[in-house]
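Remarks on the structure that follows.
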Amino acid sequence: MKSLPIQGRTLALVVVLFPLLALFIYVALRSGPLAPVPVTVARVKTEAITPALFGIGTVEAQYTYKIGPTSAGRLKRLDVEVGDLVRAGQVLGEMDPIDLDDRIRAQDAAGKRAEAQLSEAKARQAYAQIQARRYEQLLTARSTSEEIVATKKHELEVAVAGLQAAAEELVRVHSEGKALLAQRSNLKIVAPSDGLVTLRHVDPGTTVVAGQAVVELVDPANLWINVRFDQIHAGGLTVNLPAQIVLRSQAGEVRGGRVLRVEPYADAVTEETLAKVEFNQLPEPLPPVGELAEITVALPPLPPAPVIANAAIRRVDGKLGVWHVMNGDLRFTPVALGLADLDGSVQVREGLKVGDQYVVYSAKALTADIRIDVVDRIPGVTP
Amino acid sequence: MISLAGRDIMHAWGKFVFTGVGLGLLIGVTLSMAGIYRGMVDDAKALLDNSGADLWVVQQDTLGPYAESSSIYDDTWRSLRGMPGVASAANVTYLTMQVRQGERDVRTMVTGVTPGAAGTSGWPPYLVAGRQITRGHYEAVADIASGFKLGDTLQIRRNYYTVVGLTRRMVSSSGDPMVFIPLKDAQEAQFLKDNDAIHQQRRRTAENPAFNRPQVPGLLDAVIASQSINPYVNAVLVQIESGHNSEVVAESIRRWKRLTVYTRNQMEEILVGKLIATSARQIAMFLVILSIVSSAIVAFIIYTLTLGKIREIAVLKLIGTKNRTIIALIMQQSVALGLIGFVVGKITATLLMAPIFPKYVLLEPLDSVIGFGAVVVICILSSIIAIRAALKVDPAEAIGG
Amino acid sequence: MGYKGIHIESLKKRYGSGDTAVEALKNVDMQVAPGEVVGLIGPSGSGKSTLLKSLGAVIEPTAGRMILGDEVIYDDGWKVKDLRALRRDKIGFVFQAPYLIPFLDVTDNVALLPMLAGVSNSEARKRAVKLLKALDVEHRAKAMPSQLSGGEQQRVAIARGLINRPPVILADEPTAPLDSERALAVIRILNDMARQYETAIIIVTHDEKIIPTFKRIYHIRDGVTYEEVGEGRNFT
């Protein structure tokens, strides 16, 4: 009993100092650069993958009509509002004719005057003819001079020419009147096709130049999506491939569609391939033109082949490969990769066989002489 | 031979261990401090390692893309790709910004990576979960330090991104976790202001008579369109073909393309030497202060312990104990205190402090060894005051009067 | 030299110099034979502490001569180089308070000196236990000083003073904190030890209980010693 205090102290010392020391050694060896690196592994599997392309596009109308006057003028009225449905031939608005109506009225009067002049010329011609004929008879009867007969004949010719001129003048005046009427009707803004008014650029009273659009129409029956695929991810894009369309306003709602056209021109600046995708069935209500849409184009499924996770791909010394686990040792194996799908699977063409074990995730960049610790999940990753 | 120091420690081990633990926490802070510095350097190096580049091509006369802003046209890479010795050239953008996820937002460095596949320069070189980006838009790989989880939806500017993969130790030089998104999205994110700002800008343009001319229909649209694109990236990451000297390739790019090019060594110098130099000095100051505080504390503790034993020391001297024995008593106690402190410090720094620090704390074994040496030296030096006091004790004091 | 025990001749000690000088010891003559226990009695300020410190080689006297055992240690100057070794090997100290080392147990307190001198731990402890047995505190050999009673502590202190078999023991008020029974017991032990080991012992005291036990007493007053024959009463 006498020696208990010492033993008690020794015991306490052991209880406190030994764990401390053990902890210290653990800390020194198991943390920091000397610690083994946690990795997860997987085996190369044979799988059929379905590659797909992913692109971003905007809803556009196939046909857009920009309607405006053919000559400069002031807009008098505009009868339609954005959102109105219009039919082909419908008058949408009118330019201000200014003095055109007065000119038409003047032209009318001019026509009437020309008609009157024509009547006058006819009367002159008829009288001149009668006169000419009578003096010819008188000459036959030798009751007048030849000279007088010649004068009368001449008068008749003048009257005929006058009649002709009056008739032509009437035609001219009539045509001018028609031209004015045509001009007048051209001031009307008429829908060239059935469509939806999408824009109303100017309001009545505004002066517009020739060719400036006053309203814009689109054909709502013909909406498509102008999609841009990055050229790297555009391999295999062809017409008629099925596509999935997700509109930005309706995230989560997948609509069917198909590739209508792959544009022959790619965008050289943005390095994108352009394509048009149309809806199988137009959404109701119609999406606004310009809305963003995400397009996933599914390519035909590939035959089964060895497949790895794309998270396993590393670049070491300029070579693409994966860390191959052989008997617990790491070896960097360069691989040749094939097609990939959007879910992170990549075909392996060369370098690995089915069943080979490889590192998928690692807590650090790996090197060949590093110690690894195979775990189910890298520490810190929550399921 | 008997170890007086050991017996004294054993006698009052509770007090001693307690003091040692206190000192240990201080040493732990000191080690963490060194760890923070190493972490900063490592962050910088991780940033360079993770980019997978041999050369950084940036705007002329800038220290970009990390230390200064840099912008070059996004088609510059094409001409670089054609230079001899260049194995690959990849655009990259970096933008430090708040990324929103649900209610919270996290400060991250959003990195735009050029389209391609895993292994391309700029892409995260390894993952800890999920997969690499496969879609050209609206997918993100985030560093685990951001707290994002697989499947989370992030908001960067006005677009939403799904987290498809997680990485680790992918941080900016200031320790912000990186979020990798496709380059085009990142360019847009860099350019895009909020919707109000865009609206205001359009309105201003529309009201400018120079751009909105009735005689020239379409001019306004063209101007606005030209304002709404961002054909810039921050840098081009270049990988060198094996067998070529990176300095030679860099020089030819500098000469013929009139761009600034940094090699790995130069980049490291910029990041470590310039970007974190002030912070490093700050930490060095902290280390010095902590060392001084630690030695002051050790000195004080040992001095107090010695003063408490002054009678015994007088008796020891009176009965003929050698000075050496007394010096050894004090010095051994000091060193023992230092050892306990170091062990406790190392453990707390590794297990308690390093994980809770928001920034990466890298505890290098070599630093620990140096720290250990420093602790021993500091303890020996600190015991000098106590030793002087002990040696000055007059053995006559033991005899009353 | 022919001397044994303690021999002091005309020892002088002056503190300070010039006008402020104080002569603590003016003329001290003392002889203590081996095996003899003498008392040293004097009022405060009489110089007994100074005398004890001089004898214990912790302060240097001004003049005179001191012989301990068979060695002249002072003859108008130290004759020994290593005073600490001298203290360790020639002099045992017993103090008013025991001043045991609190972090060593009883055995190691006693065995400390030989241990530090290089004697193996087990050998030193064996010697210590023997001494403790002689002093009747063997049963507390493993206890810490703080667990002992005053008398036990004092006996351990005596054992420590005796461990190196010094020819001289200087005891400074060794019985002050003790009741008369224990005080007398301590004196008896010192007497026994003196006889047994041929040690010359000087006990500085003003403890009325023990003064009658001395055969010889030195009185010291104003730095001068006077010898007196004591009662030499036997212990009851």
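The values are calculated or read from the model by the stated rules, or taken from the named source; none is laboratory data. Computed from a predicted structure; not experimentally measured. Cβ atoms come from the backbone with ideal geometry, glycine included; neighbour counts cover every protein chain shown.
Numerical summary
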read-out	value
Tally, over the range B:102-128, of residues that are more than 14 Å from chain A (Cβ to nearest Cβ) and not hydroxyl-bearing (Ser, Thr, Tyr)	8
Which listed residue is at negative phi, facing another protein chain (nearest Cβ under 10 Å), of a type in the set (Asp, Glu) and buried (at least 22 other Cβ atoms within 10 Å of the Cβ), from B:Asp54, B:Asp49	B:Asp54
Selected residue (criterion: nearest to A:Ile49 (Cα to Cα)) from residues of the range A:346-383 that are within 12 Å of another protein chain (Cβ to nearest Cβ) and hydroxyl-bearing (Ser, Thr, Tyr)	A:Tyr361
Matching residues in the range B:137-159 - criterion: being surrounded by 24 or more Cβ atoms within 10 Å (Cβ to Cβ) and touching a Gly at 6+ places or on another chain (Cβ under 7 Å)	B:Val141
Residue match in the range A:127-142 (condition: within 30 Å of A:Gly177 (Cα to Cα) and part of a helix (DSSP H, G or I))	no
Residue ID - nearest to the other protein chains (Cβ to nearest Cβ), chosen from residues in the range C:95-126 that are hydroxyl-bearing (Ser, Thr, Tyr) and in a loop (DSSP other than H, G, I, E, B)	C:Tyr99
Residue pairs meeting the criteria (Cβ under 7 Å; at least 6 apart or on separate chains; first on the phi < 0 side of the Ramachandran plot, in the range A:195-208; second aromatic (Phe, Trp, Tyr) and assigned to a loop (DSSP other than H, G, I, E, B))	none
Residues that are surrounded by 24 or more Cβ atoms within 10 Å (Cβ to Cβ) and of a type in the set (A, V, I, L, M, F, W, C), drawn from the range B:320-339	B:Leu329, B:Ile330, B:Leu337
Residues within the range A:286-329 that are away from chain B (no Cβ under 13 Å) and under 17 Å from A:Asp356 (Cβ atoms), tallied	9
Residues of the range B:1-37 that turn out to be at the interface with another protein chain (Cβ under 10 Å from one of its Cβ atoms) and in a helix (DSSP H, G or I), as a count	15
When residues of the range B:347-401 are limited to those that are within 27 Å of B:Ser174 (Cβ to Cβ) and of a type in the set (D, E, K, R), the one modelled with the lowest pLDDT	B:Lys359
Residue that is surrounded by the fewest Cβ atoms within 10 Å (Cβ to Cβ), among those in the range A:78-91 that are more than 11 Å from A:Val214 (Cβ to Cβ) and over 25 Å from the mean Cα position of the chain (by Cα)	A:Gly89
The range B:17-41 residues that are surrounded by fewer than 20 Cβ atoms within 10 Å (Cβ to Cβ), paired with ones that are of a type in the set (D, E, K, R) (beta carbon under 7 Å, 6 or more apart)	B:Arg38/B:Glu364; B:Arg38/B:Asp367
Strands (runs of 3 or more DSSP E) (entirely within the range B:152-192) containing at least 2 residues that are at the interface with chain A (Cβ under 10 Å from one of its Cβ atoms)	B:159-167
Check on B:Thr205, crowded, with 24+ Cβ neighbours inside 10 Å and either farther than 29 Å from B:Ala280 by Cβ or within 14 Å of chain A (Cβ to nearest Cβ) (or both)	no
Of residues in the range B:372-399 being within 12 Å of another protein chain (Cβ to nearest Cβ) and surrounded by 15 or more Cβ atoms within 10 Å (Cβ to Cβ), the one farthest from C:Ile59 (Cα to Cα)	B:Phe372
Sole residue being modelled with pLDDT under 85, of a type in the set (D, E, K, R) and over 28 Å from the mean Cα position of the chain (by Cα), chosen from B:Arg202, B:Arg254	B:Arg202
Whichever residue in the range C:58-94 is among the small types (Gly, Ala, Ser) and without any contact (Cβ under 8 Å) to a residue 24 or more places away in the chain and, among such residues, is nearest to the other protein chains (Cβ to nearest Cβ)	C:Ala85
Residue tally, condition out of contact with any helix residue (DSSP H, G or I) (no Cβ under 7 Å at 6 or more places or on another chain) and over 17 Å from A:Gly177 (Cα atoms), over the range A:99-119	1
Pick from the range C:127-155, criterion more than 9 Å from every other protein chain (Cβ to nearest Cβ) and basic (Lys, Arg), ranking: surrounded by the most Cβ atoms within 10 Å (Cβ to Cβ)	C:Arg155
Search result, residues across the range B:150-165 that are closer than 20 Å to B:Thr96 by Cα and not aromatic (Phe, Trp, Tyr)	B:Asp152, B:Thr153, B:Leu154, B:Gln155, B:Ile156, B:Arg157, B:Arg158, B:Asn159, B:Thr162, B:Val163, B:Gly165
Considering residues of the range B:213-225 that are part of a helix (DSSP H, G or I) and either among the hydrophobic types (A, V, I, L, M, F, W, C) or under 13 Å from B:Ile198 (Cα atoms) (or both) only, the residue farthest from the other protein chains (Cβ to nearest Cβ)	B:Val223
Every pair of residues 6+ apart whose Cβ atoms lie under 8 Å, when the first sits in the range B:209-236 and is within 19 Å of A:Val215 (Cα to Cα) while the second is among the β-branched types (Val, Ile, Thr)	B:Asn212/B:Thr205; B:Pro214/A:Thr207; B:Pro214/A:Val208; B:Pro214/A:Val209; B:Gln215/A:Val209; B:Pro217/A:Val209; B:Leu220/B:Thr205
Residues being of a type in the set (Ser, Thr, Tyr) and under 26 Å from B:Val238 (Cα atoms) - total across the range A:314-360	1
Top-ranked residue in the range B:251-273 [being surrounded by 14 or more Cβ atoms within 10 Å (Cβ to Cβ) and of a type in the set (Lys, Arg); ranked as nearest to B:Ala34 (Cα to Cα)]	B:Arg264
Residues that are in contact with a Lys or Arg (Cβ under 8 Å, 6 or more places away or on another chain) and acidic (Asp, Glu), drawn from the range A:197-214	none
Residue, modelled with the lowest pLDDT, within the range B:41-90, restricted to residues that are aromatic (Phe, Trp, Tyr) and touching a strand residue (DSSP E or B) at 6+ places or on another chain (Cβ under 6 Å)	B:Trp77
